[in-house]
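Read the structure below first, then the notes.
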Amino acid sequence: MDDTASSPENADGPADLEAFKQTFRRHAAGVAAITSLDPAGRPVGFTATSLASLAAVPPLVTFNMARIASAWPAMTVGNYVAIHTLGPRSQHQAQKLAADNAVRFVGDHWAPGPHGVPVLKDVTAWMVGRIIEVHPVHNNAVVIVQIETGALGEHDDALLYHERAYMKPSDL
């Protein structure tokens, strides 16, 4: 990407959008699953590769999402979310949440957790927290969550997303 990407006449994106997209396809990221309840009390969820720790005290995490996502109406300050980290054994959870909305929560791969939010089974860890800030940025948003509770699952490698495929890390 060249210096024109940051010039005022290109404020909506880099001059070479395809290079930008390819850059992040080549950047491996851990896969998390985010679940919540929509305003009608129905379970919603999606996968995210943008999960990050923001602070240890108080325990804060952040993730990004598109404001056109079906789960967007659940991302309101004060609402609760469950954040799950996934490993290769729980890849099916990522695939389930990437499926059609009508089937994401059909089956016994989850159970109601604290505050009624869906907690997925067979994950490496899960945390439940309250959304404390939502920052819209263009068609997306940064969501900040204060964690209240959680648990570790069975140890597993990390599940990575790279070049549009799920992978697990290997030793160098």
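The values are calculated or read from the model by the stated rules, or taken from the named source; none is laboratory data. Quick caveat: nothing in here was measured; it's all calculated off a predicted structure. Virtual Cβ from ideal backbone geometry, glycine too; neighbours counted across all protein chains shown.
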Close pairs from segment 19-36: first in contact (Cβ under 8 Å) with a residue 24 or more places away in the chain, partner exposed (fewer than 12 other Cβ atoms within 10 Å of the Cβ), Cβ under 7 Å, at least 6 apart
25/163; 25/164; 26/163
Within the set of pairs 6+ apart or on separate chains, which have a first residue in segment 103-119 that is farther than 14 Å from residue 71 by Cα, a second that is loosely packed, with under 12 Cβ neighbours inside 10 Å and aliphatic (A, V, I, L, M), and C-beta atoms under 9 Å apart?
119/111; 119/151
Scope segment 153-170; condition out of contact with any Pro (no Cβ under 8 Å at 6 or more places or on another chain) and either assigned to a strand (DSSP E or B) or among the aromatic types (Phe, Trp, Tyr) (or both); matching residues
161, 162, 165, 167
Could you tell me whether segment 12-21 includes any residue that is at pLDDT 95 or above and either among the polar types (S, T, N, Q) or more than 23 Å from residue 62 (Cβ to Cβ) (or both)?
no
Those residues that are under 18 Å from residue 158 (Cα atoms), free of Cβ contacts under 8 Å to residues at least 60 places away in the same chain and hydrophobic (A, V, I, L, M, F, W, C), I need them from segment 48-75; list them, please.
48, 51, 52
Might you check whether a residue that is touching a Leu at 6+ places or on another chain (Cβ under 6 Å), under 18 Å from residue 106 (Cβ atoms), crowded, with 19+ Cβ neighbours inside 10 Å and among the small types (Gly, Ala, Ser) occurs anywhere in segment 45-58?
yes
